[in-house]
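Chemist: Input: one structure, supplied below.
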């Protein structure tokens, strides 16, 4: 049965805003939160779990036959396998727990394609939205990134692993390969927010190894704003959706990152 993605996106926005209100309440009294540890350097709080529960219940009440995959709980498998929501209820939990910006991100997949998505920063009240084929927006204003950037003016986002360096081999070598000629490197602590920053031009590019649930909506934002998305070897979604090895950038920065990251001796995954 055909759906109206605009209507679904509106429901996703409402779910994200409700989750934003809930998480901000925790954010302002975060010293009292109960915190668990999912793994080294990977925190989870009661706010994450409540946020995902709110989003899941809100969306699946409206679309009960659809599926949903989130960060905190096992997937919900609906009877209609065509549609799946991807939800990160707090992207940047460490940021959240330390009083820094975090995001809520929701994407809708139709088969193997992301058809709409959002990245919401409750702290700044910035709502980034994208609808496939219809552009990317920040608080209702359409985004269009610049294609060309001088190397010395490039601002590149990334993430720097602290634990488990063995699972992020070459992370600091890649950073060293790009840092000297460009204008700046920035670490936001939220993959979704980094993608949103590329889409709106605050960053000219971003690269990292990260989860697809975190970045599905952000990838669509960048594509709809006119950017380029590949893995570290210039390959498409059939690779980066599985590996998490991601470059999102304007055209000039994408070319620069491909060239310089390839100098680090890695085996393509």
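The values are calculated or read from the model by the stated rules, or taken from the named source; none is laboratory data. For clarity, every value in this text was computed on a predicted model and none was experimentally measured. Neighbour counts are summed over all protein chains in view; Cβ atoms, including those assigned to glycine, are modelled from backbone coordinates with ideal geometry.
Chemist: For the range 67-97, what are the residues that are more than 18 Å from residue 16 (Cα to Cα) and either in contact with a helix residue (DSSP H, G or I) (Cβ under 8 Å, 6 or more places away or on another chain) or assigned by TED's automatic domain parsing to the domain that holds residue 195 (or both)?
Modeler: 76, 78, 97
Chemist: Restricting attention to the range 237-269, and to residues there that are touching a strand residue (DSSP E or B) at 6+ places or on another chain (Cβ under 7 Å) and in a loop (DSSP other than H, G, I, E, B), which single residue is modelled with the lowest pLDDT?
Modeler: Only one residue tops the list, namely 269.
Yes/no per residue for (1) assigned to a loop (DSSP other than H, G, I, E, B); (2) surrounded by fewer than 17 Cβ atoms within 10 Å (Cβ to Cβ); (3) free of Cβ contacts under 8 Å to residues at least 40 places away in the same chain:
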| residue | (1), (2), (3) |
| --- | --- |
| 53 | no, yes, yes |
| 56 | no, no, yes |
| 64 | yes, yes, yes |
| 69 | no, no, no |
| 85 | no, no, no |
| 89 | no, no, no |
| 95 | no, no, no |
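Chemist: Go through the residues of the range 193-203 one by one and say whether even a single one is farther than 30 Å from residue 75 by Cβ and in contact with a strand residue (DSSP E or B) (Cβ under 7 Å, 6 or more places away or on another chain).
Modeler: yes
Chemist: Something else: Taking the range 74-83, which residues are in a loop (DSSP other than H, G, I, E, B) and surrounded by 15 or more Cβ atoms within 10 Å (Cβ to Cβ)?
Modeler: Hit for the range 74-83 is 78, nothing else.
Chemist: Sticking with this one: Please pick out the residue among 108, 118, 60 that is outside any loop (DSSP other than H, G, I, E, B), surrounded by fewer than 18 Cβ atoms within 10 Å (Cβ to Cβ), at pLDDT 95 or above and in the same structural domain as residue 20 (by TED's automatic domain parsing).
Modeler: Matching residue, one of 108, 118, 60: 60.
Chemist: If residue 103 satisfies all but one of (1) surrounded by fewer than 23 Cβ atoms within 10 Å (Cβ to Cβ); (2) in contact (Cβ under 8 Å) with a residue 12 or more places away in the chain, what's the number of the condition it fails?
Modeler: Among (1) surrounded by fewer than 23 Cβ atoms within 10 Å (Cβ to Cβ); (2) in contact (Cβ under 8 Å) with a residue 12 or more places away in the chain, the lone unmet condition for residue 103 is (1).
Chemist: Same structure again: Do we find a residue being surrounded by 20 or more Cβ atoms within 10 Å (Cβ to Cβ), closer than 23 Å to residue 94 by Cβ and modelled with pLDDT of 95 or more anywhere in the range 220-235?
Modeler: yes
Chemist: Taking the conditions exactly as written (assigned to a loop (DSSP other than H, G, I, E, B) and buried (at least 16 other Cβ atoms within 10 Å of the Cβ)), does residue 123 satisfy them or not?
Modeler: So residue 123 fits the description; yes.
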